[in-house]
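Visitor: Attaching a single structure in structure tokens format; questions to follow.
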Amino acid sequence: MLKKAVLNALNKQMNAEFYSEYLYLSMAAYFQSMSLTGFTHWMKCQAQEEHVHGMKFFNHIGERGGDALVGSMESPPTKWKSPMAAFEHVLKHEQKVTGMINDFVNLSIQEKDHATNQFLQWFVSEQVEEEASASEVLEKLRLVDKTEGGLLMIDTELSARIPVLPLMPPPPGGEKTTG
Ligand code: FEO
């Protein structure tokens with residue numbers, strides 16, 4: 001039986017993961033508008049992973065006999081000053097999520113909910129990877145800043161990211177939509 005405080009925290013984190021999905025989908029749209037197909041692909045993969053994270057919480061709540069409450073979603077930003085600014089946002093966002101997960105781990109200890117504590121350990125490790133992958137792209141963007149062709153080189157690299165599930169194919173003619 002889930003304690004109320006734990007159930008509330010599970011629902012809060014589930015909705016936060018779905019917000020992350022929206023945020024990265026919005027970034028995918030931003031990069032798509034710039035015809036940066038590799039960055040677009042990377043963000044679509046990232047959005048998809050966040051959906052999987054949200055569903056892990058959804059399933060855990062169900063398995064524990066709780067009610068998953070999908071709340072209203074704040075609209076994410078739609079524009080960034082530059083690709084670097086977008087990735088600075090990604091890193092900052094992931095650092096915030098790490099803080100939320102850590103607070104939740106503390107709550108699970110306080111509430112003596114060992115099952116939730118164990119469930120959260122996957123997210124503790126995942127956040128290390130999330131921050132590392134955002135930092136890696138950000139560092140590369142800083143390295144090539146104002147270097148001719150640097151952005152396109154990173155774009156090509158990012159197109160190689162392997163999605164956790166098959167992605168919807170881009171429209172004929174590439175990622176850029178017209179009209
Ligand atoms: Fe689900 Fe990017 O943390």
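Visitor: Quick one: Gln121 ticks every box in (1) surrounded by 16 or more Cβ atoms within 10 Å (Cβ to Cβ); (2) within 30 Å of Asn11 (Cα to Cα); (3) within 16 Å of the ligand (Cβ to nearest atom) bar one, so which box is it?
Guide: Gln121 satisfies every listed condition except (1).
Residues checked against (1) loosely packed, with under 12 Cβ neighbours inside 10 Å; (2) closer than 25 Å to Glu21 by Cβ; (3) modelled with pLDDT under 95:
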position	(1), (2), (3)
Gln110	yes, no, no
Asp113	no, no, no
Asn117	no, yes, no
Ser135	no, yes, no
Leu138	no, yes, no
Asp155	no, yes, no
Leu165	yes, yes, yes
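Visitor: So, in segment 40-68, how many residues would count as being within 9 Å of the ligand (Cβ to nearest atom) and among the small types (Gly, Ala, Ser)?
Guide: 1
Visitor: Does Asp145 satisfy being among the charged types (D, E, K, R) and at pLDDT below 95?
Guide: The answer is yes for Asp145.
Visitor: Next question, about the same structure. Let me spell it out: the conditions are (1) buried (at least 17 other Cβ atoms within 10 Å of the Cβ); (2) within 11 Å of the chain's Cα centre (by Cα), and Pro83 meets all of them except one. Which number is the exception?
Guide: (2)
Visitor: Kindly indicate whether any position in segment 21-30 is assigned to a helix (DSSP H, G or I), under 21 Å from Pro163 (Cα atoms) and away from the ligand (no atom under 15 Å from the Cβ).
Guide: Among the residues of segment 21-30, at least one is assigned to a helix (DSSP H, G or I), under 21 Å from Pro163 (Cα atoms) and away from the ligand (no atom under 15 Å from the Cβ), which makes the answer yes.
Visitor: Ok, one more. Please find, among Thr147, Thr98, the residue that is more than 16 Å from the ligand (Cβ to nearest atom) and under 25 Å from Met43 (Cβ atoms).
Guide: It is Thr147.
The values are calculated or read from the model by the stated rules, or taken from the named source; none is laboratory data. Only a predicted model underlies this, so the values are computations on that prediction, with no experimental measurement involved. In this analysis, Cβ positions are derived from the backbone assuming ideal geometry, glycine residues included, and neighbour counts consider all displayed protein chains.
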